[in-house]
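Colleague: To start, I am sharing the structure in question, which I have written as structure tokens.
Taken together, the values in this text are just the output of simple stated rules run on the coordinates, not laboratory data. These numbers were taken from a predicted model, which means no experiment stands behind them. Cβ atoms come from the backbone with ideal geometry, glycine included; neighbour counts cover every protein chain shown.
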Amino acid sequence: MVRARGLRLTTALGALGIGLACSSMHASAQDAGAGAGLRGAVLESEINEILLPGSQARAAERAAAAASNTGIPTPSYRPATASPLDNGQDGNPDSRSASSSTQTGNAAPLRPLSTAAARERARRERANPSLAEEPVTATTAEQQPAETDPLSTGSLRTPAADAEERRSLARAEALNPRATALERELANPEENPYAPVGLRLGTFTVVPTLEQGLTWTSNADSSPGGSEAILSETTLRLNAASDWSLHAASGEAYGTFRKSLSGDEVSELQGGINGSLRLDLSHEYTALARLGYTIRPESASSPVIIAGVEDQPLRHTIDGSLGLAKDLGKLRLSATGEVTRDQYADAKLIGGGTLSQEERNATLATLRLRTGYQISPALTPFVEGEIGRRFYDLKEDSAGYQRSANRYALRAGVMVDIEEKLSGEASLGWITEDLDDKRLDSISGLALAASLDWSPIRGTTVSLDGSTIIEGTTDAGRSGSILYAGTVGIERQIRDNLTAEAIAGLSWRDYSAGGSELTWSGQAGMTWWLNRTLGITGRARYESRSSELPGRDYDATSVFLGMKMQR
């Protein structure tokens, strides 16, 4: 009981003490408020300075450094609409604070810094004496320029240290430009410095070539009983070509004279001339004309054998053609008429006198129609039909045979034009000649023809020529023969002044009355030009014939060495 009474007494005394303390604190607060009064508005800068001593000084230093580095003054912020609290004052926060203090009528001084803040500032000043030595000044609105460039949106690039030097060099180069080197203009080298220049005759360029040399041969006249001889051989050639912008013309003339110096007696002359003309007409029409003439002794390989003669008779051949071509879209249409005239001179007999060859004189007239279709610029397949007639001067020969005949042919082929690589045409078909005399058989067989030029590499040309010829005869009971002939030639320009060539030939003759003969030949030659005008040339040739007819086999070997001149 006594213990409980003591606990209540202690509690009552504690409550009384607490009440007295609260009353005392309230009275002290009232006295302080009455003595000091209210402080008024507190600026954010003051709070920052209390919490972060030295912040205003650092901000001022950063602003001054930025102004000195960029060179662009930074104007103070001025709001577009004045604050109601400004009352005509500028945008300086200090001015606003002063105004606020004036309005409230509270002139009480700012609360001094706490002891901890003062100690922190003193510590920083001791660590960095520059903060205490250099006074911090704020940039006022009056120190800012009146206005700035409104187009400047960033800082200006500081010019490089060598900018002035570069500008000086640029001005010097402009006043004194670099001079080009004094170089001599070299003329373009010729593609072939040893090619002939030619002679200018009007609108034609004529290239003359003269070849003179000696030939040794094992068979002077290429006959079954021929003997060796040394011959002097002279050949003159003239080639002409026009340089017209429209149309074209070309011509060629040659002559060869062979004369024995020792051995078997030989004296012969052969030559020829031919020309061609192309007229480019309107409406995609083209006219083609050709005319030629050749004269040569009849070869010992001729199908007509004349016994007991001293010299073979001369054979004159005149041939001409006229054609018209039309390009109709991709169609290639053409019509060509051709006439060939063969005339023989009298043969000289060994015992004296002559033997007339008039019964062998004949004229062949043909008409060819061709239709082609250009499947590409390089290939044009075609079909060709031919009709013609062979006329003999004499209706009947000495044996009483009528040898005039009608000719028919049909061919299919292709024309090729692959720029500088391959050009020409080739065809295959069937040809026949039906003689007027029913006692004589018709002459017929495959019709082969080719004329191709191929250049596999630069400086090399491969040529292929093929033909089918129907040969007439005056031998009693014989209709004639058909001859297939072809040659392959390769020409290689080893150097600008050195050219080599090789030619291989093969011919096969089929007689209508039975029997055949095969002739093959090979030739290799070389020309070395000393200059553009004079050169040394040489060639070797071998020819052989084997026949099923008696007394017609032979072979011949020949070697030529001489000089060649051109202009």
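Colleague: I need ASP397, ASP441 ordered by Cβ neighbour count within 10 Å, fewest first.
Modeller: ASP441, ASP397
Colleague: Would you grab the residues whose amide H sits under 5 Å from the one on VAL266? Only those 5+ places off in sequence or on another chain, please, with H modelled 1.01 Å from N.
Modeller: Hits under the 5 Å cutoff: SER260.
Colleague: Whole Å is fine, so just give me how far the alpha carbon centre of region 268-310 lies from that of region 367-419.
Modeller: For region 268-310 versus region 367-419, the Cα centre distance is 17 Å.
Colleague: Oh, and also: Return GLU517, GLU433 ranked ascending by Cβ neighbour count within 10 Å, so the fewest neighbours appear first. Let's see the in-between values first.
Modeller: Working: GLU517 20, GLU433 23.
Lowest count first: GLU517, GLU433.
Colleague: How would you rank SER245, SER276, going from fewest to most other Cβ atoms within 10 Å of each one's own Cβ?
Modeller: On the way: SER245 7, SER276 15.
If I rank by nearby Cβ atoms, fewest first, I get SER245, SER276.
Colleague: Additional query: Let me check I've understood the local charge: for ASP327, count other residues with C-beta under 13 angstrom from its C-beta, Lys and Arg +1, Asp and Glu -1. What total comes out?
Modeller: Local net charge: +2.
Colleague: Applying the Karplus parametrisation 6.51 cos²θ - 1.76 cosθ + 1.60 with θ = phi - 60° to the phi angles of region 492-507, what ³J(HN,Hα) value in whole Hz is obtained for each residue in order, glycine and proline being reported as x?
Modeller: 10, 8, 5, 9, 4, 10, 9, 10, 10, 8, 9, 9, 10, x, 8, 9
Colleague: Please say if region 199-566 is rounded, prolate or oblate, where rounded means a/c under 1.5 for a ≥ b ≥ c the square roots of the C-alpha gyration tensor eigenvalues, and otherwise the choice is prolate for a/b larger than b/c and oblate otherwise?
Modeller: oblate
Colleague: What number comes out for the charge environment of GLN566, summing +1 per Lys or Arg and -1 per Asp or Glu over other residues with Cβ under 13 Å away? Before the final figure, lay out the partial values.
Modeller: Numbers: positive: ARG237, ARG532, LYS564, ARG567; negative: GLU211.
Taking every other residue near GLN566 into account, the sum is +3.
Colleague: While we're on this one: If you plug each phi of region 552-562 into the Karplus form 6.51 cos²θ - 1.76 cosθ + 1.60 with θ = phi - 60°, what whole-Hz ³J(HN,Hα) values come out, in order, with x for Gly and Pro?
Modeller: Values per residue, Gly and Pro as x: 10, 7, 6, 8, 8, 10, 9, 9, 10, 9, x Hz.
Colleague: Determine, for each peptide in 399-405, 424-430, the mean count of other beta carbons within 10 angstrom over its residues, then list the peptides with the highest first.
Modeller: Details: 399-405: 18.0, 424-430: 16.1.
The packing order, highest mean first, is 399-405, 424-430.
Colleague: All other residues with a Cβ under 12 Å from the Cβ of SER444 taken together, and with Lys, Arg as +1 and Asp, Glu as -1, what is their net charge? Let's see the in-between values first.
Modeller: On the way: positive: ARG407; negative: GLU433, ASP434, ASP441, ASP510.
For residues surrounding SER444, the net value is -3.
Colleague: A further question follows. In whole Hz, what ³J(HN,Hα) sequence does region 171-176 give by Karplus (6.51, -1.76, 1.60; θ = phi - 60°), x for Gly and Pro?
Modeller: Here the 3J(HN,Hα) series is 5, 5, 5, 5, 6, 10 Hz.
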